[in-house]
Amino acid sequence: MTDSYLYQDTETFSFVPIKNGLHAYAEGGDQRPVEVMIFAYAFDDDDVEVIDLTAGEEIPQRVIDAQTDPRITKVMHNSPFDRTVMRMDPAIDIVIPIEEIHDTMVQALCHGLPAALGDLCDVFKLDADEAKDKEGKALINLFCKPRPKRQKLRRATSASHPEEWQKFLDYAGNDIVSMRILHKTMPLWNYSPLENQSNLRQGDERYLWELDQKINDRGFKIDLELAHAAMKAAEDRKHKLAKRTQEITKDEVQRTTQRDKLLKYILKEHGVYLPDMKKSTLERRMNDPNLPRAVVELLAIRLKASSTAVSKYKKLTEATAKNGRLKASLQYSGAMRTRRWAGRLFQPQNLPRPTHKQHEIDQAIIDLKEGHLELMNEDVMEIISSCVRASIIADEDKKLCVSDLSNIEGRFAAWVCEEEWKLRAFYAYDEGLGPDLYVRAYANMFGVSPSVVKDHERQIGKVTELMLGYQGGVGAFLTGALTYNIDLEELARIAWPELPEYIKQQAYNFLDWTK
């Protein structure tokens, strides 16, 4: 039972950029761990106190004792940051129990509100003296990170910038004022108050958030050897792709990643206009039989050189903690409207779909680590992309288990739309008495038995269910087809004989209209 609230916030310095992830930031890389420079707090409705730790001031013993007192709720905005830096800074070294924390950022996200404190202040129209100081970002950039290497002064302090430091202290205090008002103002329907802690059940939002914090603190083990090897192989391949680009364009374009130059060159030399360099646009145009061979090759190089897989490996090398685990990679209720988890850093919920068989991936990992992948694979960038998921590994003597919700979008759409036949089909499938719904979707469309539907045909059924189930149209279907590598020409050839005549006539009429 909560007897009191302790509102608190920290301002910190680290030699590692926060974009590398919370735990890499807190560990500080090869330098010292994160330093808590300012600690601001207030009990209940008391005045705000700001402690300048850089000036030798100390956090009061009452506040230190409160950190582990279950009768006092610790209120923070983005609590993973504050409780992590307070634990990682050797001068503080306090572990705050997760079950004693109330996070106003999560309180906001659970109700479809913005995560940022400043944005929340705008939403609730707090007075100017209560709102998050708009100059705060500039002060954070000044004091919370190293100065650029070209500058003689490597770190700004109260000694080098006394006036700005005083503003920074005021800024820290204003955060507490804003947080306290928002804590009292925002709803609690979807984020159980701590008074109900004893009644928490599995599935309750508060229970799920506490579980989420434990998951994020633990993280998962990363194969850093694979990540480094993949980055090196990709970099070598990019150099060769760049050289080939220069040969094709006679040095007018140095790399296909130079988007504007490439677009201009293709238009000038080949008369081909491209509206953009999106993957979907390039893949569509590459199927045009009238496209000049040189343009097709340039677009293929562009797709390979722009692979997002390399950026994922890079993020792993930057964000993985010293114990070899990637932490804080999920944000609870991060997708504001649906309140689903959102990926952070490595984006583990958005990994490339492998285009190779598992035995090919296993061999490619060996080849990568031994440094001769290019000798064994023609398309280096594609196989590297297929290996991304293998970066997540189990600890020694542990087993890595993977789970997912089965067709959750289709189930929800069927329930909302009261499609009884589909709900019965889901029930039958779950009981082992009926076919997979993606298989059934394909079978229904093409008039075949579900028993003869092959894996690649199931993918077609999956695209129709996922892309068209929520009022998606032609554009959504095209996007899904490209995502799942569906050959639309082949699909049209198969589907055409089964289409009713009136549908065919509508297609002809639309084609005439577009001319």
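Remarks
- Using Cβ point charges alone (K and R +1, D and E -1), the dipole size of region 44-151 about the Cα centre works out to roughly 920 debye.
- Multiplying each eigenvalue of the alpha-carbon gyration tensor of the chain by 5 and taking the square root yields semi-axes of 48, 32, 23 Å, largest first, rounded to whole angstroms.
- FRET efficiency for the pair Tyr484 and Thr338, taken as 1/(1 + (r/R0)^6) with r the Cβ-Cβ distance and R0 = 22 Å, rounds to 0.50.
- Accessible surface of region 145-191, 1.4 Å probe, proportion on carbon and sulfur as whole %: 53
- A Förster radius of 51 Å, combined with the Cβ-Cβ distance separating Leu405 from Trp496, puts the computed FRET efficiency at roughly 0.90.
- Calculated from the alpha-carbon coordinates, region 320-361 shows an Rg and a Dmax of 14.0, 40 Å respectively.
- Entry note, region 25-164: relative contact order of 15 percent, from Cα contacts under 8 Å with a spacing of 6+ residues.
- A DSSP coil position with no more than 10 other Cβ atoms inside 10 Å describes the following trypsin sites (Lys or Arg not before Pro) in region 376-465: Lys398, Lys399, Lys454.
- Antiparallel DSSP beta bridges within the chain, percent to nearest 5: 70
- Accessible area per residue, Å², the chain with all protein chains present, probe 1.4 Å: 56
- Report summary: the helix-based calculation at 222 nm, which adds -39500 (n - 2.57) for every DSSP H run with n ≥ 4 and divides by the residues of the chain, gives -14500 deg cm²/dmol.
- Reachable aspartates and glutamates, given that their alpha-carbon falls under 15 Å from the alpha-carbon of Lys243 and they are not under 8 places away in the same chain: Glu235, Asp251, Glu252, Glu297
- Listed residue (Thr308, Ala328, Val296) projecting farthest to the positive dipole end of region 293-341, Cβ model: Ala328
- For region 318-453: relative contact order, % (alpha-carbon pairs under 8 angstrom, 6 or more apart): 11
- In a simple Cβ point-charge model (Lys, Arg +1; Asp, Glu -1; nothing else charged), region 210-347 has a dipole of about 260 debye relative to its Cα centre.
- Check: region 407-504 dipole with +1 on Lys, Arg Cβ and -1 on Asp, Glu Cβ, in debye: 40
- Relative contact order for the chain, counting Cα pairs under 8 Å that sit 6 or more residues apart, in percent: 12
- Under the combined filter of DSSP loop state and at most 11 neighbouring Cβ atoms within 10 Å, region 31-111 retains these trypsin sites (Lys or Arg not before Pro): Arg71.
- Neighbour cut-off at most 10 other Cβ (10 Å), DSSP loop, GluC sites (Glu not before Pro), region 369-465: Glu378, Glu396, Glu418, Glu431
- Label-reachable residues, region 406-425, where backbone N falls under 16 Å from a point 7 Å from Glu431's Cα toward its Cβ: 420-425
- Region 294-449 - convex hull of the alpha-carbon atoms, volume per residue in Å³: 225
- Using a simple spin-label model with pseudo-atoms 7 Å out from Cα toward Cβ, Glu164 and Leu224 lie 3.3 nm apart.
- Peptides 23-29, 137-143 ranked from most to least packed give 23-29, 137-143, packing being the mean of other C-beta atoms within 10 angstrom over each peptide's residues.
- Most positive-pole-ward Cα, Ile51, Met105, Ile222, against dipole of the chain from beta carbon charges: Ile222
- Of Lys240/Lys327; Lys250/Lys312; Lys312/Lys369, those spanning more than 26 Å from alpha-carbon to alpha-carbon: Lys240/Lys327; Lys250/Lys312
- For region 139-174 versus region 239-256, the spacing of their alpha-carbon centroids is 44 Å.
The values are calculated or read from the model by the stated rules, or taken from the named source; none is laboratory data. Everything numeric here is computed off the predicted structure, so don't read it as measured data. Positions of Cβ are backbone-derived with ideal geometry, glycine not excepted, and every protein chain shown enters the neighbour counts. With ligands, DNA and RNA removed, areas are computed over all heavy atoms of the protein, side chains included. Shrake-Rupley method; radii C 1.70, N 1.55, O 1.52, S 1.80 Å.
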